[in-house]
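Report on one structure; see the data block that follows.
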Amino acid sequence: MSTMLPSDPNHNNKNKPEPFGELIKSMHGFFNEKPIKGFLQSIDDFFKNPFPAGFSFPVETVDNGKEYIVSAELPGIKREQIQLNIQGHLLTISVDNHQVELEEDEINLVFKQKKIRQLSSRTIALPQVINEKKIKASYRDGLLQIVIPQERGKIITIEDTK
């Protein structure tokens, strides 16, 4: 009867060698060492938040029949840091946010300067060529609004050939 438990109460399964115990132990040690653990943590962080804060900004485009209204939320950005570029039917909104932080401790004669620069851009494709002479843009309280009038092309009448 091989299905019966051993009658010896001192019999312990812990004394049996685990066939993959050393392999599992070494793999656990490998993945928890500092370089590998940091690398794996950065991969986990990337998939939790693939676009870090400040990398991109929300943009909404509305077509009301007469014009396209493009709105971009840019809180904390100054007007001078925003650039609009039109090329054919593409509108590109670029933000160059750079800051310089200075810390001075005259008692200990320690001076620190930290420069931060974030470049972000979004390109919006519209179904028609943009006339840059008729576009209007305004920026207030962190909201950029761009109004692009829709232009109707010339209607061509098709003649009946007989």
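The values are calculated or read from the model by the stated rules, or taken from the named source; none is laboratory data. Note that the structure is predicted; figures quoted are calculated from it, not measured. Glycine also receives a Cβ, built like all others from the backbone with ideal geometry; neighbour counts cover every protein chain displayed.
Would you mind telling me which numbered condition in (1) over 21 Å from Val70 (Cα atoms); (2) loosely packed, with under 13 Cβ neighbours inside 10 Å Gln118 fails?
Going through the list (1) over 21 Å from Val70 (Cα atoms); (2) loosely packed, with under 13 Cβ neighbours inside 10 Å, Gln118 breaks only (2).
Checking Leu109 against (1) exposed (fewer than 14 other Cβ atoms within 10 Å of the Cβ); (2) on the phi < 0 side of the Ramachandran plot: exactly one of these is not met. Which one?
Among (1) exposed (fewer than 14 other Cβ atoms within 10 Å of the Cβ); (2) on the phi < 0 side of the Ramachandran plot, Leu109 violates only (2).
Checking Ile156 against (1) in a strand (DSSP E or B); (2) not assigned by TED's automatic domain parsing to the domain that holds Lys78, which test does it fail?
Of (1) in a strand (DSSP E or B); (2) not assigned by TED's automatic domain parsing to the domain that holds Lys78, only one is false for Ile156: (1).
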